[in-house]
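S.K.: Pasting in a structure now, in structure tokens, and then I'll have a few things to ask.
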Amino acid sequence: MIINNNELAEFLHRIKDETELAIDTEFKWVSTFYPQLCLLQIATEKEAECIDILAIEDLQPLFNKIYQPDVLWIAHAARNDIEVLYQYSKQLPAYVFDTQIAPDLLKDLRPEDSNFGAQISYQALTEILQGVVLDKAYTRLDWTTRPLPEKAVEYALDDVVYLIKNYAQLKTLLENERKLDWLMQEGKSMLDIRLYETDIFQSWTRVKGFSRIPKHLHTLAVQLAGWRERMAIDKNKPRRWIMTDNNLINITMGKTQLNDDKRRKFESFLTENPYEIELDTRKNILPTPEEKAQKLILQKLIQEKANQYNLTIEVIASGKTLLRYIRGDQSVNFLSGWRFDLLKEELENAK
């Protein structure tokens, strides 16, 4: 394990010409708003190393390498790793190959009893592709523990040792079906900086039970959620430690009150952050018979296209996404990229 900047410099020199890096992170996320990065694992075809982030004084040389404009990140459930590292680097990778998404594009290229599909775990995918059953003993380890058990370091390294191998096989399968570009487009969709910058006034979407709040109180609820988010960020504490969802809803509906100190702070927040919002609550409205009929027509057309390209219909367009489209949402994912290339004639015919 790399535990100082000199060792890190030597490793970075060894991989200076590598442009395909398997990347994984281990972090602790219990008592903070942002996850605490503890380890970064990197593998190439020739070697793999664990970097002790807690022991490295200067991470910039590391960031200079992994964010080079010609470097491809290979990751499983890549958005998690992108987000954790973004909080430290304020940078995004140039290219991403997500091995969790790739199997969705390879529906029939698997044994009949395999688990290929949406949200496949790294362990399951590795067992299918490599015939290796990975140890899960350290899944819930506190990664701030020092010294780390030797077996824990081996566990962390396995997350990239087999990741680079999985990538090689998946890339070949995608190339054979001429779907590699589709996968790269999926990776590119993760590189929108807005995904990783906190919009405090969108934090209401995380409030469990928000639908119970009457419409005329929505603005107040959004303001309270934004204030809670701001406080959680400033204190680097979980939002539930600042105010639980139930408390937020009860305060919004007048069942409980903020104490005098919190009320003054909330009012000061509103003065500095005036915000009014009209929420789109149509997603909570049941589809009309006409909408249901139109959705069925689209699903039939898309299913035929999915069969043609060896995909499941959900990979192209989910039922919820179709309903949003029928209601006029032009931001749905199948109106751009490879999905639109497949569906443009079908969508035109369904008008």
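S.K.: Not counting ligands, DNA or RNA, and with a 1.4 Å probe, what is LEU347's accessible surface area in Å² rounded to the nearest 10?
M.R.: 10
S.K.: Hey, got the dipole for the chain? About the Cα centre, +1 on K and R Cβ, -1 on D and E Cβ, debye to the nearest 20?
M.R.: Details: 46 positive and 54 negative charges, 391 e Å.
Here the size comes out at about 1880 debye.
S.K.: Given the options ILE249, ILE42, ASN6, identify the residue whose Cα lies farthest towards the positive end of the charge dipole of the chain (+1 on Cβ of Lys, Arg; -1 on Cβ of Asp, Glu).
M.R.: Of the options given, the answer is ILE249.
S.K.: Rank by packing, highest mean first: peptides 139-149, 43-53, 91-101, with packing defined as the count of other Cβ atoms within 10 Å averaged across residues. Could you put the intermediate results ahead of the total?
M.R.: On the way: 139-149: 13.0, 43-53: 18.4, 91-101: 20.7.
Those peptides, ordered most packed to least, come out 91-101, 43-53, 139-149.
S.K.: Size of the dipole of the range 128-213 about the Cα centre, Lys and Arg at +1 and Asp and Glu at -1 on the beta carbon, nothing else charged, in debye to 20?
M.R.: Values: 13 positive and 13 negative charges, 75 e Å.
Approximately 360 debye in magnitude.
S.K.: On to the next question. Taking θ = phi - 60°, what integer Hz values does the Karplus form 6.51 cos²θ - 1.76 cosθ + 1.60 yield along the range 297-312, in sequence order, with x for Gly and Pro?
M.R.: 4, 5, 4, 5, 5, 6, 4, 4, 5, 4, 4, 4, 10, 6, 10, 8
S.K.: Give me, ordered by chain and number, the residues 5 or more places off CYS38 or on other chains with an amide H under 5 Å from its own placed amide H.
M.R.: GLU26, PHE27, LYS28
S.K.: Based on the mean of other Cβ atoms within 10 Å per residue, sort peptides 132-138, 27-33, 297-303 so the most packed one is first. List each step's numbers first, then the result.
M.R.: On the way: 132-138: 13.0, 27-33: 14.6, 297-303: 16.7.
Output ranking for 132-138, 27-33, 297-303: 297-303, 27-33, 132-138.
S.K.: Under the rule of -39500 (n - 2.57) per DSSP H run of 4 or more residues, summed and divided by the residues of the chain, what mean residue ellipticity at 222 nm is obtained, to the nearest 500 deg cm²/dmol?
M.R.: Numbers: 14 runs with 162 residues, N = 351.
Helices in the chain give a 222 nm mean residue ellipticity of -14000 deg cm²/dmol.
S.K.: Would you mind classifying the chain by shape? Square roots of the alpha carbon gyration tensor eigenvalues, ordered a ≥ b ≥ c; an a/c under 1.5 is rounded, otherwise it is prolate if a/b is larger than b/c and oblate if not. Please report the intermediate quantities before stating the final value.
M.R.: Numbers: a/c = 2.13, a/b = 1.11, b/c = 1.92.
Oblate.
S.K.: Right, next: Residues of the range 35-67 with amide nitrogen under 16 Å from the 7 Å Cα-to-Cβ point of ASN6?
M.R.: Under 16 Å, as judged by backbone N against the label point of ASN6, lie 56-58 of the range 35-67.
S.K.: Quick one: if you stick a label point 7 Å off each Cα along the C-beta vector at ASN259 and GLN330, how many nm between them?
M.R.: Label-label distance for ASN259 and GLN330, simple model: 5.1 nm.
S.K.: Can you tell me which of GLY319, GLY209, GLY187 moves the most in a GNM of the chain? Springs connect C-alpha atoms under 10 Å apart.
M.R.: Per the Cα network of the chain with a 10 Å cutoff, GLY209 tops the list.
S.K.: Further question on the same structure: Please turn the phi angles of the range 163-169 into ³J(HN,Hα) values with the Karplus equation 6.51 cos²θ - 1.76 cosθ + 1.60 (θ = phi - 60°), one per residue in order, whole Hz, x for glycine and proline.
M.R.: The phi angles translate into 4, 5, 6, 4, 4, 4, 6 Hz.
S.K.: Express as a percent, rounded to the nearest 5, the fraction of DSSP beta bridges in the chain (both residues included) that run antiparallel. Intermediate results must be reported in sequence, preceding the final value.
M.R.: Details: 12 of 20 bridges.
In the chain, DSSP labels about 60 percent of beta bridges as antiparallel.
S.K.: Per residue, what accessible area does the chain have, given a 1.4 Å probe and all protein chains present, in Å²? Display every interim value, and only then the final one.
M.R.: Details: 19270 Å² over 351 residues.
So the chain comes to 55 Å² accessible per residue, rounded to a whole number.
S.K.: Moving to a separate point now. Among GLU314, GLU177, GLU272, which one moves the most in a GNM of the chain with springs linking Cα atoms closer than 10 Å?
M.R.: The residue with the greatest mean-square fluctuation here is GLU272.
The values are calculated or read from the model by the stated rules, or taken from the named source; none is laboratory data. Predicted, not measured: the structure shown is a model, and the values here were computed from it. FYI the Cβ positions are ideal-geometry reconstructions off the backbone, even for glycines, and counts take in every protein chain you see. The area values use the complete protein model at the heavy-atom level, side chains included, leaving out ligands, DNA and RNA. Shrake-Rupley method; radii C 1.70, N 1.55, O 1.52, S 1.80 Å.
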